[in-house]
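Engineer: Mind looking over this structure? Questions follow.
The values are calculated or read from the model by the stated rules, or taken from the named source; none is laboratory data. For clarity, every value in this text was computed on a predicted model and none was experimentally measured. Please note: Cβ atoms are built from the backbone with ideal geometry, for glycine as well, and neighbour counts cover all protein chains shown. Just the protein is used for accessible areas: all its heavy atoms, side chains included, with ligands, DNA and RNA removed. Shrake-Rupley method; radii C 1.70, N 1.55, O 1.52, S 1.80 Å.
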Amino acid sequence: MSDSTVVTTPKAPMRKRMGLDKANTQKWIFLFIAIVPPFGGYLLFTLFPNILSVYYALLNWDGFTDATFVGLSNFVTAFQDKYVWRALTHNLILMITVPFFVIIISLILAYLITNKSYKENKFLKILFFFPNVLSTVVVALLWAFIYDGSYGLLNGLLKFIGIDTGNFYWLGNENTALAAIIPAWVWGGVGLYVIIFANAMLAIPKSLYEAAILEGAGHMSRLFKITMPLVTPIIRVSALFLIVGTMKGFEIILIMTNGGPFGSTDVIGLYMFNLAFGVEYRNYGYASAVGMILFVILVTAKLLIDKFVPNKGYEY
C-alpha cells in the first residue's frame, strides 16, 4: 500500500496543473479569436481609411494622377463653397425633423402596444418593424412610386378627397422635394424604435402603475410621471443615433432624387460622395476635406447633446 501511495500522489497535482494549463490555453485562444479579427477589421477598414482621409484632405488628387500637396486650401475652399452650406442647411432641416418625428411616432405606438391589450399586438409589432427589414433601395423606390405624378398613390388619394393636383410630381419640384423625403425617411426608421421603446416600457414594474391607478392617476399622468421619466435614457441614446445617422446618411436621397432638382435635396454626405466619385468632379482631396468638416460637426453635435440633454437615470 505504501508503495502505491508514493507512486500516485505526485500525479494528481501534475494532472491538475496540466488541466489548468489547457484551460488557460483555451482561454487565450478564445480571446484571440474573439478580439483580434474584429479589432483588426476595425483598424484596417475603419480607422486606417479615416486617418488616411486626413492626409488626403491636404492633397489635390483625382485618384489617378500624381497628387499635389496643397495644405489647407481644400478647407478654405470648402468654407467658401456655397454648395457646402446649402447641403448643410438641408442636413440641419433633416436633422431636426426626422429624429423628432421618428421618436414621437415611435413613443406613441410603443405606448399603445404596451398599455392596450389589443389582440393584434404581436402582429402590429411585426407590421411596424417591417420597413426595417426592407433595403433602403426598396423603401426609396416605394416612396418614389407614391410621389409619382401620373400613377402615384398620393395624387390619387388627394384626388379622392377632392383635391386635384393633376400630374404634379412631388420629387420633381424644388419646393416640395426635400419635404417629400422626410416621410420616407421617418417611415423607414420608426419600426426599430417602436420595438426599443416598447421593450423599455415593458421593463417598468407593473406595481408602479398599479399604485398610481389606486391613487387615481389617469393615462396622461402615468405616461408623463412614470413612463417618460423611466425611458428618458433610452430616448436620449436613440436621439443621438438618429441625429448622427441623419447627418451622415444620404442613400435614400441618392436613390429618390440624387440631390435634385437643382440641388434642392442635396446633403453633405451626398455632395461629398459626388465630389469623390462623380464623373465630373473626381476630387478625392476636396471630398476628404468636406468629410473632415462633417466629422467635426458630428463630434460637436455629440458634445452639445451631452452638455444640454440631461442624462439622469431613475431607479425603481
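Engineer: Taking each full run of DSSP H in the chain as one helix, which ones are at least 24 Å long along their axis (Cα atoms) and have mean Kyte-Doolittle hydropathy of at least 1.0?
Structural biologist: For the chain, where a helix must reach 24 Å along its axis and average at least 1.0, the hits are 82-115, 177-202, 228-248, 284-308.
Engineer: Post the alpha-carbon centroid distance, the stretch 283-297 to the stretch 44-107, in whole angstrom.
Structural biologist: The distance from the Cα centre of the stretch 283-297 to that of the stretch 44-107 comes to 4 Å.
Engineer: To the nearest µm²/s, what D does Stokes-Einstein give for the stretch 203-316 at 4 °C and 1.567 mPa s, using the Kirkwood radius over alpha carbon pairs as Rh?
Structural biologist: 74
Engineer: With the cut-off at 28 Å, tell me which of the pairs Lys82/Lys307; Lys27/Lys302; Lys122/Lys159; Lys119/Lys206 have Cα atoms farther apart than that.
Structural biologist: The answer is Lys82/Lys307; Lys27/Lys302; Lys122/Lys159.
Engineer: For Ser150, put the label point 7 Å out on the Cα→Cβ axis and report which residues of the stretch 164-189 keep their amide N under 14 Å from it.
Structural biologist: Of the residues in the stretch 164-189, 167-169 have backbone N under 14 Å from the label point off Ser150.
Engineer: Then there's this: Looking at the chain as a GNM with Cα springs under 10 Å, which of Phe145, Phe250, Phe32 has the largest mean-square fluctuation?
Structural biologist: Highest fluctuation among the options: Phe32.
Engineer: Still on this model: Local charge sum around Gly166 (other residues, Cβ-Cβ under 15 Å, Lys/Arg +1, Asp/Glu -1)?
Structural biologist: In short, -1.
Engineer: Oh, and also: Which residue fluctuates the most in the chain, going by a Gaussian network model with Cα springs under 10 Å, if the choices are Lys206, Lys302, Lys27?
Structural biologist: Top of the fluctuation ranking is Lys27.
Engineer: How much length would be gained if the chain were fully extended between Val244 and Leu20, taking 0.36 nm per residue of separation minus their Cα-Cα distance, in nm to one decimal?
Structural biologist: 76.0 nm
Engineer: What's the local net charge at Leu112, with K and R +1, D and E -1, over the other residues with C-beta under 15 Å away?
Structural biologist: Its environment carries a net charge of +4.
Engineer: Mean 1/r over all different Cα pairs, inverted: what Kirkwood radius does the chain give, in Å?
Structural biologist: For the chain, the Kirkwood estimate is 24.3 Å.
Engineer: What's the FRET efficiency of Tyr281 with Lys27 using the Cβ-Cβ distance as r and R₀ = 45 Å, to the nearest 0.05?
Structural biologist: Efficiency, rounded to the nearest 0.05: 0.30.
Engineer: Another question, if that's okay. Taking H as built 1.01 Å from N, whose amide H comes closer than 5 Å to the amide H of Leu59, not counting residues under 5 places away?
Structural biologist: Val70
Engineer: Counting pairs of alpha carbon atoms under 8 Å apart in space and at least six apart in sequence, what relative contact order in percent does the chain give?
Structural biologist: With pairs under 8 Å counted, the relative contact order is 26 percent.
Engineer: For the chain, give the percent of accessible area contributed by carbon and sulfur heavy atoms, probe 1.4 Å, rounded to a whole number.
Structural biologist: C and S fraction of accessible area: 70 percent.
Engineer: Can you tell me the accessible area per residue over the chain, all protein chains present, probe 1.4 angstrom, in square angstrom?
Structural biologist: 63
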